[in-house]
1. Which three extents, in angstrom, do the Cα atoms of the stretch 414-468 have along their principal axes, listed largest first?
2. Considering only Cα-Cα distances, which of the following residue pairs are longer than 32 Å: LYS290/LYS359; LYS258/LYS359; LYS34/LYS290; LYS96/LYS172; LYS443/LYS505?
3. Near LYS178, which lysines are there with a Cα under 20 Å away, not counting those fewer than 8 places off in the same chain?
4. Let me check I've understood the local charge: for ARG17, count other residues with C-beta under 14 angstrom from its C-beta, Lys and Arg +1, Asp and Glu -1. What total comes out?
5. First compute the accessible area of the chain with a 1.4 Å probe, then give the percent of it belonging to carbon and sulfur atoms.
6. Of all alpha-carbon pairs in the stretch 4-45, indicate the percentage at a distance above 16 angstrom.
7. Which log10 I(q)/I(0) values, to two decimals, does the chain give at q = 0.07, 0.12 Å⁻¹ under the Debye formula with one point per Cα?
8. Taking only protein heavy atoms into account and a 1.4 Å probe, give the accessible area per residue of the chain in Å².
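The values are calculated or read from the model by the stated rules, or taken from the named source; none is laboratory data. Bear in mind the structure is a predicted one, so any value in this text is a computation, not a measurement. Virtual Cβ from ideal backbone geometry, glycine too; neighbours counted across all protein chains shown. Accessible surface is based on the protein model in full, side chains and every heavy atom, while ligands, DNA and RNA are left aside. Shrake-Rupley method; radii C 1.70, N 1.55, O 1.52, S 1.80 Å.
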Amino acid sequence: TILVLDFGSQYSHLITRRLREFNVYAEMLPCTQKISELTWKPKGVILSGGPYSVYAEGAPHVDHDVFKLDVPILGICYGMQELAWINGKNVARGEKREYGPATLHVVDKSSPLFEGVDNSIVWMSHGDKLNGLPTGFKTIATSNNSPYCGIASETKPIYGIQFHPEVTHSAKGKILLKNFAINICKASQNWTMENFIDTEINRIRTIVGPTAEVIGAVSGGVDSTVAAKLMKEAIGNRFHAIMVDNGVLRMNEAENVKKNLGEGLGINLTVIDASEEFLTKLKGVTDPEKKRKIIGNTFIHVFEREAERIKPKDGDEIEFLLQGTLYPDVIESISFKGPSQTIKTHHNVGGLLDNMKLKLIEPLRELFKDEVRHLGELLGIPHDLVWRHPFPGPGIAIRVLGEVTKEQVAIARKADYIYIEEIVNAGLYDKISQAFACLLPVKSVGVMGDQRTYEQVIALRAIETTDFMTADWFPFEHGFLKKVASRIVNEVDGVARVTYDITSKPPATVEWE
Ligand code: XMP
């Protein structure tokens with residue numbers, strides 16, 4: 001196992017992710033971890049990047065006992081500056097921030113760290129820099145802007161690099177991390193998703209103990225389904241899944257979840273129909289952020305009430321709340337003082353913990369989406385569920401633009417159903433990252449039979465993306481669009497016109513609200 005000490009960089013978890021890609025297990029702990037309190041001995045330590053300045057008052061520093069472990073150490077960005085600070089304090093603010101690509105020039109060609117990575121593009125993101133060599137170190141690589149792009153101890157396997165090998169923009173970064181973990185640390189390559197399942201199940205059993213019960217919401221989406229199935233494997237019926245029908249779910253969703261998760265996967269599931277409650281609260285509301293808040297708060301309210309009702313009869317307490325949080329959600333919800341702003345508020349269950357005095361359990365916290373899908377497949381979750389497009393928490397409420405009423409939801413839902421059905425029939429579902437129909441709050445003139453009509457407009461959206469941060473629209477064949485449009489206007493009352501959204505993200509977002 002490699003120990004990653006996290007100094008708060010938004011890329012820190014990518015380090016563990018990259019190591020997993022060549023089957024090396026890494027555990028990430030906060031940079032403040034006391035080394036004497038570790039219950040295991042790492043094969044090597046990586047000090048991550050971070051948003052601070054090592055010389056600033058209150059900046060985080062590593063426990064110096066890390067050097068007593070006598071294992072290889074790699075400092076990345078802030079981690080390197082930390083090594084330099086400890087060994088002579090040669091760190092200062094650079095004249096300008098360096099952000100973006102640079103070419104790595106390896107000076108010490110015999111360094112095992114740089115085998116196969118010379119002259120590659122590396123990704124820089126720093127404001128501070130070394131203004132001299134740390135005591136006992138030598139330069140092993142440079143870049144145009146950074147004379148100390150790579151440093152190494154003269155006597156020990158301690159390395160520092162200014163760039164971020166963990167991001168994909170560093171072309172050979174993965175090779176560098178592999179060099180460090182395998183050639184330098186001699187870490188074993190035995191991490192697999194199968195092992196992850198065993199370890200995670202054991203971890204859950206240890207955390208939850210022999211009697212406590214766990215509650216968690218499921219939505220029918222991939223993440224909560226995989227998390228729920230893992231809990232079921234770990235503690236059986238002591239895990240209680242709750243599905244809240246908020247009235248803005250996809251067509252037949254509550255029944256489908258009952259069938260797939262309850263019957264199919266054997267998860268101890270309660271489905272609550274709270275649709276009237278949600279729709280009543282949404283009455284008259286048109287602002288998207290208000291809709292999100294109302295749905296989030298109502299969800300918490302309903303969930304708490306239902307959790308009270310399903311209190312286990314044998315007197316055991318519900319002590320834990322399961323959440324299918326993935327790593328990208330973790331990054332998103334840690335708001336640094338830096339430039340990352342909330343564009344839309346996505347996550348809405350945080351309040352449960354405080355109100356219900358529950359402890360959080362997040363078995364997917366370290367994983368990325370594709371890893372979760374792999375995990376889901378290994379857990380025997382059907383393909384269609386594992387590869388389902390994401391669906392936003394506020395559901396169709398943010399796809400009915402303007403006021404959300406039962407009638408409007410029914411129109412949007414039916415159009416969406418037809419659209420998705422045609423996508424599946426055309427064999428395109430797995431090629432598209434996300435597709436849905438939106439109901440626009442405008443009326444448009446049409447003609448049906450001999451009648452002039454004046455009805456609403458459906459906008460179809462389909463995007464391709466790897467991370468949902470940027471996205472492009474999906475290039476359907478015209479014949480496909482023609483068929484979907486004709487089915488929607490013919491089969492959905494209240495719609496007289498269909499359009500296809502051909503904007504990318506940015507400047508548009510995936511959802512319309
Ligand atoms: P945007 O519209 O921000 O969408 O480009 C990116 C991804 O996030 C989903 N999304 C949400 N998910 N609650 C959610 O759980 C929300 O409020 C929300 N808004 C957007 C969207 O469906 C897409 O997958």
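1. Reported extents, whole Å, longest axis first: 44, 23, 14.
2. On the way: LYS290/LYS359 28 Å; LYS258/LYS359 26 Å; LYS34/LYS290 44 Å; LYS96/LYS172 25 Å; LYS443/LYS505 26 Å.
Beyond 32 Å between Cα atoms: LYS34/LYS290.
3. Output for LYS178: LYS41, LYS43, LYS109, LYS156, LYS186.
4. Working: positive: ARG18, ARG20, LYS174, LYS178, ARG365, LYS369; negative: ASP6, GLU21, GLU27, GLU166, GLU366, ASP370, GLU371, ASP467.
So the environment of ARG17 carries a net charge of -2.
5. Reported share for carbon and sulfur atoms: 51 percent.
6. Numbers: 315 of 861 pairs.
Roughly 37 percent, once rounded to a whole number.
7. -0.48, -1.15
8. Details: 23730 Å² over 513 residues.
Here the residues of the chain average 46 Å² of exposed surface.
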